[in-house]
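**Student:** Before anything else, here's the structure in question.
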Amino acid sequence: MDYTGFGRDGKHNYKRDYKINRVLVEDEKKNRLDIRVPSAVTPSDWMSAIKINGTYLELVDRWYPIKGCAAWQGAIISIPCVVGVLAFLNLAVEKGEFETWVFSSIAMFVFVVFAWVGYRGMRFDCFRETHYPVRLNRINRKVYVYRPRDTVLVASWDNLFFCVGKSKLPLFDKSFDIRAHVLDGDGETVKDTFTLGYPYLGDRDGVFQLWEYIRRYMEEPDGVEKNADHTEIYPPVDGRREGVKFGLIATFAPASKWPLKGQLLFSPVLAITTLGRWLAMSTSELPQWPKEIEAECKIDPDDPCQKDWRSNGKYGFWELGWPVICFFIGLSVIGAGVLWLVQEIY
């Protein structure tokens, strides 16, 4: 099985996220990543490794690092609109006049439309799966990609075309990721595409660090041992939902190099993103690999390199303590801003 996709019912009904049935463009060929050529960078997992062992390496998906952003952005659109609908409904009932009902109905329709837009934004994070794992099997040389609606893409590691992919993010210029293409027999036509790895906010240098971490695991004789030794934090999402504590760590971690300028200055945004992340995780289901894939990825119970979130040590002050302080400072700023706005309105 070189390339296939299936759901729990065995049907080929997976969803594609990128343009397919096209030829490779020159930019993709220019930025190709060769599995046989080491990158001249220090490998880094970018807090992407869910678990590692001698059989496979499992990674979080492209959207996991920024989980929570869409949740709170959608919520701040939907919640005021719902309040608006209730307010105009109450006004129409109290007045009971035909003109008031007409005016209120128009206003409620507008609010409902915007509430739906906000809800659709929230749905990007909420009421889905907590994450969409990617599993790389070092033994059988297969890559398993979990997708929405319990569907899985399976492809051969050796036959995939890897390159640095570019995307445009709202509020940002460009974001970079590790793109993997499934090619047709002609070696030019893209049959399917997925993102193999993504450093926070698509840092270009981070792409090469993460790629080398993945490539080393799959290609180097001592790749398993090196990756296991140098991975410090595993996201606690294997068989469980990410808790509030780790959600706080994951949200504030990208700005940890600048604890004052980054974490403190942007604490309001990071604080509300932490809440959005908690909402997203709380309303989403855990992904579950099909039995066929679990059977292909059996782990040696005596594997000395077997690690996951249970291997995480205690979090220090700068990993957890300082983010907690910034979180409450950020909430205080948001609260003060809301109170000021309410006073100005009323």
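**Student:** Where in the stretch 98-171 are there trypsin sites (Lys or Arg not before Pro) that are in a DSSP coil and have at most 10 other Cβ atoms within 10 angstrom of their Cβ?
**Tutor:** The qualifying sites are K168.
**Student:** Net charge near K314, counting Lys/Arg +1 and Asp/Glu -1 over other residues with Cβ under 15 Å of its Cβ?
**Tutor:** That sum, taken over residues with Cβ under 15 Å, equals 0.
**Student:** Return a whole-number percent for the relative contact order of the stretch 31-107, with Cα pairs under 8 Å and 6 or more residues apart as the contact set.
**Tutor:** Dividing the mean separation by the residue count of the stretch 31-107 yields 14 percent.
**Student:** What ³J(HN,Hα) values, in whole Hz, does the Karplus curve 6.51 cos²θ - 1.76 cosθ + 1.60 give for the stretch 25-33 when θ = phi - 60°, with x put for Gly and Pro?
**Tutor:** 8, 4, 5, 5, 5, 5, 9, 5, 10
**Student:** If the reach is capped at under 12 angstrom between alpha carbons, list the aspartates and glutamates near K168, excluding any in the same chain fewer than eight residues apart.
**Tutor:** Straight-distance partners of K168: D177.
**Student:** Below 8 Å, C-alpha to C-alpha, sequence gap of six or more: please give me the relative contact order for the chain in percent.
**Tutor:** Result for the chain is 26 percent.
**Student:** Label the stretch 236-346 by shape, choosing from rounded, prolate and oblate, from the square roots a ≥ b ≥ c of the eigenvalues of the Cα gyration tensor; if a/c is under 1.5 it is rounded, and otherwise prolate applies when a/b is larger than b/c, oblate when it is not.
**Tutor:** It comes out oblate by the Cα gyration axes.
**Student:** Hey, rough spin-label estimate for I299 and V102, points 7 angstrom out along Cα→Cβ, what's it come to in nanometres?
**Tutor:** Simple spin-label model gives 6.8 nm for this pair.
**Student:** Who wins for biggest fluctuation among I293, I233, I50 in a Gaussian network model of the chain, springs between alpha carbons below 10 Å?
**Tutor:** Answer for the Gaussian network model of the chain: I293.
**Student:** Heavy-atom accessible area of W116 with all protein chains present, probe 1.4 Å, nearest 10 Å²?
**Tutor:** 140 Å²
**Student:** With a Förster radius of 41 Å, plug the Cβ-Cβ distance of K174 and E94 into 1/(1 + (r/R0)^6) and report the FRET value to the nearest 0.05.
**Tutor:** 0.20
**Student:** Send over a whole-number figure in Å² for the accessible area per residue of the chain, probe 1.4 Å.
**Tutor:** Per-residue accessible area for the chain comes out at 53 Å².
**Student:** While we're here: Out of residues 5 or more away from E129 or on other chains, whose amide H comes under 5 Å of its own, with H placed 1.01 Å from N in the peptide plane?
**Tutor:** E285
**Student:** Pick out which of P301, P80, P43 has the largest mean-square fluctuation in a Gaussian network model of the chain, springs linking Cα atoms closer than 10 Å.
**Tutor:** Ranking P301, P80, P43 by mean-square fluctuation puts P301 first.
**Student:** Going by amide H atoms built from the backbone, whose H comes under 5 Å of the H on G197, apart from near neighbours?
**Tutor:** I178
**Student:** I would also like to ask the following. Looking at the chain, which longest stretch skips every one of the GluC sites (Glu not before Pro) that is in a DSSP loop with at most 15 other Cβ atoms within 10 Å, leaving the sites themselves out?
**Tutor:** Counting at most 15 other Cβ atoms within 10 Å as exposed, the longest clean stretch of the chain is 233-346.
**Student:** Excluding same-chain residues fewer than 8 positions from K226, which lysines have a Cα within less than 16 Å of its Cα?
**Tutor:** Partners within reach: K51, K307.
**Student:** Running a GNM on the chain with Cα contacts under 10 Å, which residue among K261, K191, K67 ends up with the highest mean-square fluctuation?
**Tutor:** Top of the fluctuation ranking is K261.
**Student:** Moving on to the next point. For the stretch 109-266, what does the alpha-carbon gyration tensor say about shape, rounded, prolate or oblate, given a ≥ b ≥ c as the root eigenvalues, a/c under 1.5 as rounded, and a/b over b/c as prolate?
**Tutor:** oblate
**Student:** Decide, for the stretch 74-188, between rounded, prolate and oblate: order the square roots of the alpha carbon gyration tensor eigenvalues as a ≥ b ≥ c, take rounded if a/c falls under 1.5, and otherwise choose prolate if a/b is larger than b/c, else oblate.
**Tutor:** Since a/c reaches 1.5 and a/b is larger than b/c, the shape of the stretch 74-188 is classed as prolate.
**Student:** Computing the accessible area with a 1.4 Å probe over protein heavy atoms, can you report the carbon and sulfur percentage for the chain?
**Tutor:** Carbon plus sulfur share of accessible area: 61 percent.
**Student:** Taking K and R as +1 and D and E as -1, what net charge do the other residues with C-beta under 12 Å from the C-beta of G276 add up to?
**Tutor:** The answer is +1.
**Student:** Take the cross-link list K142/K298; K67/K245; K174/K314; K19/K166 and give me the ones stretching past 25 Å between alpha-carbons.
**Tutor:** Checking Cα-Cα distances, K174/K314 exceed 25 Å.
**Student:** Given the whole protein assembly as supplied and a 1.4 Å probe, what does the accessible area of D45 come to in Å², nearest 10?
**Tutor:** Answer for D45: close to 20 Å² accessible.
The values are calculated or read from the model by the stated rules, or taken from the named source; none is laboratory data. What you see is a predicted model; the values in this text were computed from it and never measured. Reconstructed Cβ throughout: ideal geometry from the backbone, glycine too, with neighbour counts over all protein chains shown. Protein only, heavy atoms only, side chains kept; ligands, DNA and RNA dropped before computing areas. Shrake-Rupley method; radii C 1.70, N 1.55, O 1.52, S 1.80 Å.
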